[in-house]
Amino acid sequence: MKKIYFVFILLLSSFWLHSLSEDKLFNEAENLYYSGNYLFALEAYTDFLANDALSDQAAEAQYRQGLCLFYLKRYTEALDIFSGLNKRYPANPFSDYVLLWSGVSHFNLGDFPESIAELSKFLDQISDPELIPQALLYRSLSGVALNDFPEAIAGLESLVEEYPDSSASGHGVIVLLYSYLKTGRYDDLLLLAQEINVGEVPEKWQDHYQLYIAEALWEKAEELEAKEIYQRLLDAPVEVATVAYRRLFITAQRQHDLSEMEKLIQRAEERFSNEKSVLMDLWLRAGIESYKRDNLALAEYFLLKIWGLPDRQKISEAVPLYLTEIYVKREEIEEAVTLLQSYLKLQDSAAALMRLADLYLSRENYEQAVEYYRHFMEEYPRHERYNEAGYLLCYSYYRQEALDNAEVLTAKLLENIAGDSYRKELLRLTAAIARKKGEASEAAARLKEYITLYPQDISARIDYLKILFALEDYREIIDQSDRFFNDFPLISEQDLYAFIITNYLNGLAQVSEKKYYEAEQSLAQVTEQEAVAAELSLIYPYSLFYRGWAFFRLGQYEKAEEQLLLMLNNPVNELVNRSLYLLGWCLFSRGEFADASKYFAQLAKTNTEYAPRASYLQAKSALKLGQEAEAARIFKNLMTVSPTSAYADDALFEFAGIKSGSGKLAEAANAYRELVRRYPESPLAEEALYKRGEMYLEKEMYEEAKGAFYDYRKVFPDGELADGALYWGGKASVELGENFGAVLYWEKLIEAYRESPFRAAALKESAGVYAGRGDYKYALELIKRMIEEYPAEARAAQAEQRAEELNYLLQGLTDREAALSALIGREGGAKTRKGREAMIELARLYIYEGGSRTDFAFQMLERVVEKEDRESAASAQFLIGEFYYRRGELIKAAGEFLQAAFIYPEGPDLMAASIFRAAEMMSLAGKERGVRELVERLDKNFPDSQWTEEGRKLLKTGGS
């Protein structure tokens, strides 16, 4: 039992000694911490945590450990400790404060977004008035570092207004002044500066405070007040003094105060004689300021002071770059090139290398440009200007005519390029390369792809239209122009050049596509004033001409004339003659032949391609004015002066026509023959020989006509008018009595030219000849062929009737009998008036001829009498009287004649003739009384008729 008690006492004393040791270590660390001995405090806290990580004071020890690291500016380690604290002791009472120190640590490490995030959380969770100002200050400082001045200003204003007595307030005021300065809030800056007691600003910020006030006054152009402050700051710390020197130097520079400038330079050089880097920076800034103010000599002076230092390797690349720009502005390119080459030998510089390449490119030294751009790409593959160098290398290849190299590199860059930087330019270049290689279609395809991706690139869309015009793809031009105007409804205000050139190209395309109304509307936009303003005055005359052409094709000749006359007031040599020609055409089309002739005459005198056609139309105008002799003279002159022109054959043809019309057939015939001799390939050659035959045929010179048509077939055996020549040659032969020769022509036409419009007539005419020779059978065959092959022509020529006639002729009838028989058959005998008349005529023929057909005639007459047509019946009845007369039955004949007299009383002549013939029959029969009675009836009813006179003679000679 005693043994156990001893052990317990031993353990208890050990625990007490350990606890005493733990407290001692922690207190020692705390003493070191609060005395500011952070390095030893850190070691003490570390030992404490190593001995007893489970102590109640472990969380606080780790927190203090983090603060020690923070104050020792070991911010990364501090962040690790703070992070571990919250993970190991999630419920520790310091977690909110950790946000503050973590935020400040992130600020000091340059991790500004994370700093803002941590400090914002702290401000949301803690209301400690001693720490909030610090949080506001550092969060705002992070905002300033990120150029987020609005947020920074909001925090700083809260700091200054709500915590004016805090230790952070003084620094906050300075940062707020700076923020106002950077955001252009100069009045707010000056107002705040007035409100603050200078004594409230910490000593170390006093110079900055004064500087920001001076800068605000400077920006407000209150240079005198600013100058006073700057002068007081010349002995301030370097970062403040250098600004003061620069501002005072600029002031002296503006005032052209060379003495003051020299004093400032001398004073600065004395002040910073042991601080070369500061002096170099001052010279550099002075040089840059002078350059920006276009004081190149002074800028060069300062920059050369730096360039002349022995150790050029420490010189900023801005020095040779600004010197280069000075030389470029003075057009001293060789000096600029030499300078950059010297610098690049001393030090690598991407900017200097690019500028050197750019200089070679600007001088069109493409070989050197290629070398340096290629060198840049090899040395700086990850540089931000890599894509730019690649594009410019491709462009240099392009200008160097190394088109294959340009094409290959462009494709490679487009395949591997990161982002959109210079993708647009490279795509555009692919089109230019294709175009330069003569691959217009490929260039058009590339540009179409490009504008699909970049539809807002107006110049590319204009280039696309130009290539399409070269390709004569007018429909695509019209389509693209419509899209262009839809995409840029205000283009006339945005880009006048694009507006004018697009309307112009669209108008020309519409003319080519015969969309004349639309073309006129498009070209109307190309006014003289706007064309000049767009530097496109050269196209204005063309737009006038083609607008005139559009009006001409629309039949609006007066409007066309107006445009063409305007064009002649703005002449373009290549359009003058075309305009004169078109003006003449407009007037000619309006029937103003005299005025048209003037323009054509003017153009005919020129030594141009338009002269022959103008001369031709001048002659045509004379013809329209009835001036045949003048027209003939002009035509003759044209074919004499310009025998090889495209209008010489037309002129000769027209000349022959004039001579033919004036009855000078020999001259006309010779002219037609001459046309064939001179211009055997002319489309008028055939017509000329054919016209020659027509001319003779019209004048009934059949022998000459036959010969002319023969000449045509001899010269043009397969000519388009050969069938006509055969037909009319046959007609001429018929007129000459050469029927057999005519048939030979027509038969050849019938067999060789089955599609000829003359073939039906040839069949008919040939049938007529064969019928005339008594060959009714072959004639009938020809007529039947005509009926079968040309039903319309057959109906018009009454071929069916002729076929019937030929059938009757084959039966032995005479031509007249056959014709009448055919007509009777077609009309159904006595059913129609024509049929009855034909029956009466055929019966008369048979009765008067006598013979075997008189009984047939009597039957026909009886059928006519039976019809209710008193006029026809009277005529038929009269012939029945004739029938009986010729059979010797005189009394019967007299009765039939007398009966005929009373059938149709509306026909007095037939009545009188019938009564006379009845009296004549009575006279022949010896019936004198009957004769007398009938003559008396004639005398009573028809006293003035010839038949009454004949009756009286009958009484005198026969009756008595």
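A short reminder: the numbers here are calculations on the coordinates, not readings from a lab. None of these values were measured; they are calculated from a predicted model. Glycine gets a Cβ as well: all are built from the backbone with ideal geometry, and neighbour counts include every protein chain shown.
Remarks
- Shape call, the range 275-347: gyration tensor on alpha carbons, a/c limit 1.5: oblate
- Approximating the spin labels as points 7 Å out from Cα along Cα→Cβ, the Phe485-to-Gln946 distance works out to 8.6 nm.
- Order of Met922, Met280 - criterion: other Cβ atoms within 10 Å of each residue's Cβ, fewest first: Met280, Met922
- FRET efficiency for Glu609 and Glu735, using Cβ-Cβ distance with R0 set to 56 Å, rounded to 0.05: 0.75
- Space enclosed by the convex hull of the alpha-carbon atoms of the range 51-183, per residue, Å³: 104
- What the Cα atoms of the chain give is an Rg and a Dmax of 61.7, 218 Å.
- Percentage relative contact order, the range 29-219, counting C-alpha pairs under 8 Å, at least six apart: 11
- Taking 7 Å steps out from each Cα toward its Cβ at Arg633 and Gln194 produces label points 10.2 nm apart.
- Rounded to the nearest 20 debye, the dipole size of the chain about its Cα centre is 5260 debye, using +1 on the Cβ of Lys and Arg and -1 on the Cβ of Asp and Glu.
- Of the peptides 212-223, 90-101, the order by per-residue mean of other Cβ atoms within 10 Å, starting with the highest, comes out as 212-223, 90-101.
- Listed peptides 179-190, 636-647 by packing density, highest first (mean Cβ within 10 Å): 179-190, 636-647
- Taking the fewest neighbouring Cβ atoms within 10 Å as the starting point, the ordered list for Trp746, Trp205, Trp549 is Trp205, Trp549, Trp746.
- Cβ-to-Cβ counts within 10 Å put Met921, Met261, Met701 in ascending order as Met701, Met261, Met921, the fewest first.
- Length-normalised contact order for the chain - Cα pairs under 8 Å, 6+ apart - percent: 2
- Computed FRET value (nearest 0.05) for Thr452 with Glu364, which takes r as the C-beta separation and R₀ as 35 Å: 0.60
- The value of relative contact order for the range 813-867, using C-alpha pairs under 8 Å at least six residues apart, is 28 percent.
- Over the range 138-277, the Kirkwood radius and the radius of gyration, each from Cα atoms, give a ratio Rg/Rh of 1.02.
- Violating pairs (Cα-Cα greater than 20 angstrom) within the set Lys514/Lys605; Lys664/Lys691; Lys424/Lys448; Lys598/Lys620: Lys514/Lys605
- The alpha-carbon of Lys515 sits under 23 angstrom from the alpha-carbons of these lysines, leaving out residues fewer than 8 places away in its chain: Lys466, Lys559.
- Dividing the summed -39500 (n - 2.57) terms of all DSSP H runs of n ≥ 4 by the residue count of the chain sets its mean residue ellipticity at 222 nm at -25000 deg cm²/dmol.
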